[in-house]
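The block underneath contains the structure these notes are about, expressed in structure tokens.
The values are calculated or read from the model by the stated rules, or taken from the named source; none is laboratory data. Just so it is clear, the structure is predicted and the values come from calculations on it, not from any experiment. Reconstructed Cβ throughout: ideal geometry from the backbone, glycine too, with neighbour counts over all protein chains shown.
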Amino acid sequence: MGLLDGKYAIITGAASARGLGKATAQLFADHGATVAILDLDEGAAQAAADDLGAGHLGLACDVTDKAACQAVIERLTLAWDRIDILVNNAGITQPLKSLQIEAAHYDAVLNVNLRGTLYMTQAVVPVMQKSGGGSIVNMSSVSAQRGGGIFGGPHYSAAKAGVLGLTKAMAREFAPDQIRINAICPGFIATDITAGKLTPEMMETILTGIPMGRAGEARDVAGCALFLASDLSAYCTGTEVDVNGGSLIH
């Protein structure tokens, strides 16, 4: 018996083969959920959904476009009649220093990571209110907590710190509706977003700061998302869960 039997789940930015979203989608499907993968590229989203098995959906959605978010939620509500889980996974990063950040960099990183999380949540909450509750999982980052220093620039740290504030404030607001909203803060995870961009020296420096001595894997984050999406975490809301191999232990 799966932890998500009979549940309907949406995961944004989940088409990338080795990304956190795809690993989360696979684990959710393994635990009985019907999953919709949203991504900018509809073909890639559908291919990723097909990988999960029959009955899962892949749809195009630009999370920075509020109307697009509303439209895709309306479509899924018609198809499913309910939405139980939303994972706001869509995100981008840029390895810039503070003085290199231009307006376009700032807008791009803040829009996808932070505005997209707000817009998708705004679209999903009324559906969850009607059906008596749900679980929303937001993707933050260790860089929000430790002040960057791994890969993304300060604007990425700012966006992911914003996700934490948004998570806690919305968790407080929607708790009476039995909508739980929690954040995951992954540490250094080996995914497509960092693949090939780190020198061996950079990798060695990163690993010396992780007590468990290894980079995280996408499935490490997926397991935490499963916990937060399921009834195992029924009394958890407004939390930030660290998945970082101990790298924040002082």
Check: Does the range 92-101 contain at least one residue that is of a type outside the set (S, T, N, Q), within 17 Å of the chain's Cα centre (by Cα) and not in a helix (DSSP H, G or I)?
Finding: yes
Next item on the list: Six or more apart or on different chains, Cβ under 6 Å: which pairs go from a residue in the range 140-152 that's within 17 Å of I101 (Cβ to Cβ) and surrounded by fewer than 24 Cβ atoms within 10 Å (Cβ to Cβ) to one that's among the aliphatic types (A, V, I, L, M) and modelled with pLDDT of 95 or more? Could you list them?
Entry: A144/A161; A144/L164
Notebook entry, point to check: If only one of L232, L226, L207 is buried (at least 16 other Cβ atoms within 10 Å of the Cβ) and either in a helix (DSSP H, G or I) or at pLDDT below 90 (or both), which one is it?
Noted result: L226
Checklist line | Residue identified as among the charged types (D, E, K, R), surrounded by 13 or more Cβ atoms within 10 Å (Cβ to Cβ) and in contact with a strand residue (DSSP E or B) (Cβ under 6 Å, 6 or more places away or on another chain) among E240, E217 | finding: E240
Item checked: Failed item, numbered, when I210 is tested on (1) touching a residue at least 12 places away in the same chain (Cβ under 8 Å); (2) at positive phi -> (2)
Note to self: Give me the residue from the range 225-250 that is among the polar types (S, T, N, Q) and within 19 Å of the chain's Cα centre (by Cα) and, out of that set, farthest from K7 (Cα to Cα).
What the structure shows: N244
Check: Which residues, taken from the range 194-224, are touching a Leu at 6+ places or on another chain (Cβ under 9 Å), within 30 Å of T121 (Cβ to Cβ) and among the hydrophobic types (A, V, I, L, M, F, W, C)?
Finding: A215, A218, V221, A222
Notebook entry, point to check: Looking only at the range 146-190, which residues are in a strand (DSSP E or B) and either touching a Lys or Arg at 6+ places or on another chain (Cβ under 9 Å) or among the aromatic types (F, W, Y) (or both)?
Noted result: I181, A183, C185
Next item on the list: Please identify the pairs in which a residue from the range 96-108 that is loosely packed, with under 12 Cβ neighbours inside 10 Å has its Cβ atom under 9 Å from the Cβ atom of a residue that is aliphatic (A, V, I, L, M) and modelled with pLDDT of 95 or more, counting only partners at least 6 apart or on another chain.
Entry: E102/L96
Next item on the list: For A47, state whether it is more than 18 Å from the chain's Cα centre (by Cα), part of a helix (DSSP H, G or I), at pLDDT 95 or above and closer than 26 Å to I179 by Cα.
Entry: no
